[in-house]
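One structure below.
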Amino acid sequence: MPHQLPSLILCLPFVASVVAWLMRGRGHNRAAWLMTATALLGLLLCLWLAPLILAGDVLRQVIPWAPGLGLDLVLRIDGFSWLMMLLICGIGALVGVYARYYMSPDDPLARFFALLLAFMGSMLGIVMSGNVIQLVFFWEMTSLFSFLLIGYWHRGPSARDGARMALIVTSGGGLCLFGGMLLLGHIAGSYELDAILAAGDTVRAHPWYTPTLLLILLGAFTKSAQFPFHFWLPQAMSAPTPASAYLHSATMVKAGVFLLVRFWPVLGGTAEWSWIVGGVGLVTLILGAYAAMFEQDLKGVLAYSTISHLGLITMLVGLGSALGVVAAIFHIVNHATFKASLFMAAGAVDHEAGTRDLRKLGGLRRFMPVTATLALVAGAAMAGVPLLNGFLSKEMFFAETLAARQGPLLDAISEVIAVAASAFGVTYSIRFVRGVFFGRTPAELPRQPHEPPLWMRFPIGFLALTCLLVGVLPARVIGPTLQAAAASVLGSDLPVYSLAVWHGVTTPLLMSVFAFVAGCLLFAGLRRRFAEREGAPLIGRLGGKRIFERVMAVLAADLPQRIERRYPGRRLQSQLLLIVLLALLAGTLAAAGASLDMELRWSSVDPAFASLWLLGAACAIGAASQAKFHRLAALVLTGGAGLVSCVSFVWLSAPDLAATQLLVEVVTTILILLGMRWLPKRIEGLSVESRRQRFRRRRDVVIAIVAGLGVASLAYAAMTHPVADSISRFFLERAYTEGGGHNVVNVILVDFRGFDTLGEISVLAIVALTVFALLRRFRPAAESIGTPLQQRQQTALDAAAPDRAADHSLTDYLMIPGLIIQLMSPVILLFGLHLFLRGHDLPGGGFVAGITVAVALILLYMARGARWVETRLRVLPVRWLGAGLLLAVLTGLGSLAFGRPFMTTYFQYLDLPLLGRVPLATALLFDLGVFAVVVGTTILMLVALAHQSLRRPRQAPAPAAEGEG
C-alpha cells in the first residue's frame, strides 16, 4: 500500500481543485474547508510514510507512459522530497484556514481555492518527480498557476503587471531548464533521476557540463528570484496575502533552491558551480537585505527579505561543502515557518487596520496584543535571535562562511557581507515589528483596528510556536527529519553536525552578537531616514527591472511596429510570399543534398486520372484569375479544385481522406461566404494595370508554378520510392490485434498516434478560442462592404428594427430556401452519427462526424438565425470544447489505472440483445472527445462570424457564444 501512496498524494489536490471550481456560487466556506481538508489529508498520508523515510528508504512508483521512448511517470519520495512535501501540505492547510477568514465573500473564492489547490499539486509534482522531463512539466505548471494567483485581482493594473512579469521571467527560466535537462539526460544516458544522480562524475567530466550547468541555473535563479532576476518577486505582492504567504514561504520560490540542493551531487563540486552559485547567492543576500530596510509596504519588506534569505540558501549550496548543504536544507524549513507567519501577520494588520504602509501604522499592540506577540516571535526568528530557529541556521551559515577556502580575499569579502546582511536583517525585522505594533498610534486609520478572528490567528500562532520549539529543542523536533533529508542528498558524504542550542563562545556566536548589535544601532541611526525614503538608494540601478522593461518595450512595441511597417498586415500577399519562398528555399537545400532517383513512367499514367488533375489545375488557375474580378466565381472554382482532390482520394482508395476533404470544403465555403462582406471594395471598370502590378502578378505566377512543381515532385518521389520495410505493414498487421479496429486510418488516429491526436485537438481548441476572442471585439467598418449586392443587404439590415437585427437569418441574404435547410439538417445529423459509430471498422470517425454535425448546425443557423438556434437548441460550443478535451484525457488516463501506458486501448466483444455480438473499444470514448472538440471548434468560429455578419457595423460587442458573458 505505501508504494501506491505517491500517486494518491499527487492526484489529491488536482481532484480537489476541480471540485472547488465546481463550487462557484455555493458559498466560500466549502471551498476553504475543502482546501484545508485536502492539505491535511495529504499531510497525514505523508506522515504515514515517516517510518519508511526515516529508515532511509526511497519510495518509487512507476506508471507506464511511453515506454518505447524511455518516458514513464515516475514518482520518487526520499528524505528531502518528503521534507518538502511536509512543508507544502502543512503550510497549505494553515493557509486554507487563514484564507477562509481573510478573503472577502464577494471575491470569486471558488476560483481562488481551485487555483491554490492546483498550485499545491504542481509543487508536489516538482518535489516528487523521478523523471527530469516530468519535473520540468510541473515546474512550468507552477509558473502558470502562480501567474493566475498573482493576477487574481486582475482589475488592478499592478496585479496584471506583476503577474505578467512573474510569468515571463519564471517561464523563460523554465524553458532554459528544459534545455538543460535535455542535455543532462543525454549526458547521463537517461532521464530518470536515480540514473542522473548516480552519474555525477560522468556529467562533470563531459564537455557539455558548462552549458548544461548554465541552463539549469538559469531556471533555478529565475524561480527563486536570484540576482539579477530578483525584481519580479516584489512586483508579485499584489497577490492576495494567503497566496503570498504560500507562494513565497514554502512553495514557489523554494522550487529553485530545491533544484540546487537536489542536483548538488551531480553538478556541484566544481569551480564553475562555486563561482556562479556562490557569487549569485552572495550578491542576492546583501542586495535583498539592503532593499528590505527601506521598503514602506509591509509585504514589500517581506518580499525583499525573502530574496535575501533565498540568497543565503543559494550561497550555502554554492560554498561546495556537504555541511553547507545541510545548513541550506535546515534554513529552507526555518525560513518557511517564520516567513509564512509574518506574511499572515501582515495580512491580519492590513485586514483589520486597512493599510500596509509603515508610515501610517504604529501602536497596534494596544488593539491587537495577541497578533503583536506572535509577530514579535516570528520577527525575532527572522532576525536570528537565540532560542528561535532562525538563530540556529544563521549560526551554521556563519560557521560555513568561516570554513570556506576559496582564497583569502574572497573569504574575507564573504565574511563581511554575511555579517552585514545579518545586521540588515536585524534592522528590517525591528522596523517591521516596531513600526507596526509599537510607538504612537496614528490619529487616523482607514479602519478601527482590533484582533482578527481566532482561527485567523491560529496559523500565525502555530508557526510562531514551531519557530520557538525548533529553536529550543532542535534535535528532537527537527533532528530526525533533517537527518533523513540530508542523507538522501549527500548519501555517504553526510558530515557530522550538531543541532545543540549552545556550542560555547565561538566565532559564529560572536559574529551573531556583533550583527545583532550593529543592526539595532543601524535602526536607531537611520530611523528617520527610513520613514522618509520610498525605496532603497541606488537599488534601481542594481536590478534587472530596467533591463526587463526595456526588453519588453522593444519586443512588445518597437519590434512589432518595425515589422508592421516593413510587412503591412493589410496585405497578406507579402506575408504569404515570404512563407512560400522560405519553404521553397528549404526544399531546394534538402533536395540539393539528396539523391532522388525519380523516373517518370508515362506508361503507368491513367489518362482519366490525368484529365481529372488537369481539371483541378484549371479550376485553381481560374480561381486565381477570377479573384480580382468576381469573388463568388473564384470561390466556386476553389471549391472545384477541392472536389478534384476529394475524387483523387477516392480514386486512390482513401475514403476517409475523401470524406474529410469534402466536408472541410463545405465548412470552408461557408466560412468564406460569411466573411466575404468584410473584403475591401472592388474597383469596377479597372482595365489598365500599372507596370508594378503586372510584374507582381507575373512574379507570383512563376513562384506558384515552381513551388507547385516542387511539392508535386516530392509527393511523386515519396509514393514511388522503393521502401524495403514500410511502416504501413506494421499498422496493417496490428490494427485489429492491438487496436481492435479494421479501419487502419482511424485506429492510427485514436490508438497508435492517440497522443499526437490529443495534442492536435488541444491546439484546435486553443485556435478556436483565440479566433472567437478576436472576432467578438472586431467591428468591420461600413466602408469594408464591397459589392453592390452586399451594400443592398446592409441597407436592408440597417432599415430593420435594432432589436430584431440579430434575428435575421443568413438565408435572407444568401437566397437559400430555409425550409430545404431545415429538412436537410436532421438527415445530416443522423448521417454524422452513422459516420461516428462506424469509424473504427469502416470509413468514418470522430473527426469527420464532428464536421458533419457542425455543417448541420451551421445550416440551422442559416435557416432560422443565430438567436433561434442558441435559445432553442442551446448549442454551447465552449462546453463542447471542454467536455471533449476532458473526455479524451480521461480516456487516456483510464489505462493508467490498470497499469498500462497512457492511451492504451482495450477492446472486447459484447453480446447485446437484438444486436448480437458487438465490438466495443475504449478508443470510441477518445473518438467521442475528438468529435466534441471538432463540433465545438467549428461552431464557435462560425457562430462568431455569423454574429458579426448579422450585426450592424460599429455596434456594441456581440454576446458570447454560450450566453455566459
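The values are calculated or read from the model by the stated rules, or taken from the named source; none is laboratory data. Keep in mind that this is a model prediction, so the values were computed, not measured. Note: ideal-geometry Cβ built from the backbone for every residue, glycine included; neighbour counts use all protein chains shown.
Some values worked out for this structure:
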| read-out | value |
| --- | --- |
| Single residue of Ser238, Ser224, Ser244, Ser249 found to be touching a Leu at 6+ places or on another chain (Cβ under 7 Å) and of a type in the set (S, T, N, Q) | Ser224 |
| Residue that is modelled with the highest pLDDT, among those in region 871-921 that are among the small types (Gly, Ala, Ser) and on the phi > 0 side of the Ramachandran plot | Gly899 |
| Yes/no for Gly288 being of a type outside the set (Val, Ile, Thr), over 30 Å from Gly491 (Cβ atoms), in contact with a Pro (Cβ under 6 Å, 6 or more places away or on another chain) and assigned to a helix (DSSP H, G or I) | no |
| Residue satisfying all of: in region 203-227; part of a helix (DSSP H, G or I) and touching a Gly at 6+ places or on another chain (Cβ under 6 Å); surrounded by the most Cβ atoms within 10 Å (Cβ to Cβ) among these | Lys223 |
| Among (1) crowded, with 21+ Cβ neighbours inside 10 Å; (2) within 22 Å of Leu310 (Cβ to Cβ); (3) free of Cβ contacts under 8 Å to residues at least 60 places away in the same chain - the single one Cys176 does not satisfy | (1) |
| Subset of region 332-375 (residues that are of a type in the set (S, T, N, Q) and over 31 Å from the mean Cα position of the chain (by Cα)) | Thr355, Thr371, Thr373 |
| Test: residue in region 444-458 that is among the aliphatic types (A, V, I, L, M), out of contact with any strand residue (DSSP E or B) (no Cβ under 6 Å at 6 or more places or on another chain), closer than 30 Å to Ile77 by Cβ and in a loop (DSSP other than H, G, I, E, B) | no |
| The one condition in (1) farther than 22 Å from Asp350 by Cβ; (2) in the same structural domain as Ser393 (by TED's automatic domain parsing); (3) surrounded by fewer than 24 Cβ atoms within 10 Å (Cβ to Cβ); (4) among the hydrophobic types (A, V, I, L, M, F, W, C) that Leu310 fails to fulfil | (3) |
| Residue count, region 480-505 (criterion: touching a residue at least 12 places away in the same chain (Cβ under 8 Å) and either of a type in the set (Asp, Glu) or not in a helix (DSSP H, G or I) (or both)) | 8 |
| Matching residues, region 38-59, being in contact (Cβ under 8 Å) with a residue 40 or more places away in the chain, assigned to a helix (DSSP H, G or I) and among the small types (Gly, Ala, Ser) | Ala39, Gly42 |
| So Gly269, is it surrounded by 24 or more Cβ atoms within 10 Å (Cβ to Cβ), out of contact with any His (no Cβ under 9 Å at 6 or more places or on another chain) and either touching a residue at least 60 places away in the same chain (Cβ under 8 Å) or of a type in the set (D, E, K, R) (or both) | no |
| Selected residue (only one of Ala380, Ala375 is in contact with a Leu (Cβ under 6 Å, 6 or more places away or on another chain) and crowded, with 24+ Cβ neighbours inside 10 Å) | Ala380 |
| Residue match in region 124-132 (condition: under 30 Å from Ala553 (Cα atoms) and crowded, with 20+ Cβ neighbours inside 10 Å) | no |
| Residue that is of a type outside the set (Phe, Trp, Tyr) and touching a helix residue (DSSP H, G or I) at 6+ places or on another chain (Cβ under 6 Å), where the choices are Gly180, Gly189, Gly279, Gly269 | Gly180 |
| In region 313-323, residue nearest to the chain's Cα centre (by Cα) [restricted to those that are surrounded by fewer than 24 Cβ atoms within 10 Å (Cβ to Cβ) and in a loop (DSSP other than H, G, I, E, B)] | Gly320 |
| Residue check for Val385: surrounded by fewer than 23 Cβ atoms within 10 Å (Cβ to Cβ) and in a loop (DSSP other than H, G, I, E, B) | yes |
| Helices (runs of 4 or more DSSP H) lying entirely in region 228-269 (those with 1 or more residues that are within 30 Å of His351 (Cα to Cα), aliphatic (A, V, I, L, M) and more than 20 Å from the chain's Cα centre (by Cα)) | 241-247 |
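Here's the yes/no breakdown for (1) modelled with pLDDT of 85 or more; (2) assigned to a loop (DSSP other than H, G, I, E, B); (3) of a type in the set (Val, Ile, Thr); (4) in contact with a strand residue (DSSP E or B) (Cβ under 9 Å, 6 or more places away or on another chain):
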{"residue": "Ser728", "(1), (2), (3), (4)": "no, no, no, no"}
{"residue": "Arg734", "(1), (2), (3), (4)": "no, no, no, no"}
{"residue": "Ile748", "(1), (2), (3), (4)": "yes, no, yes, no"}
{"residue": "Thr757", "(1), (2), (3), (4)": "yes, no, yes, no"}
{"residue": "Glu760", "(1), (2), (3), (4)": "yes, no, no, no"}
{"residue": "Val763", "(1), (2), (3), (4)": "yes, no, yes, no"}
{"residue": "Ile766", "(1), (2), (3), (4)": "yes, no, yes, no"}
{"residue": "Gly786", "(1), (2), (3), (4)": "no, yes, no, no"}
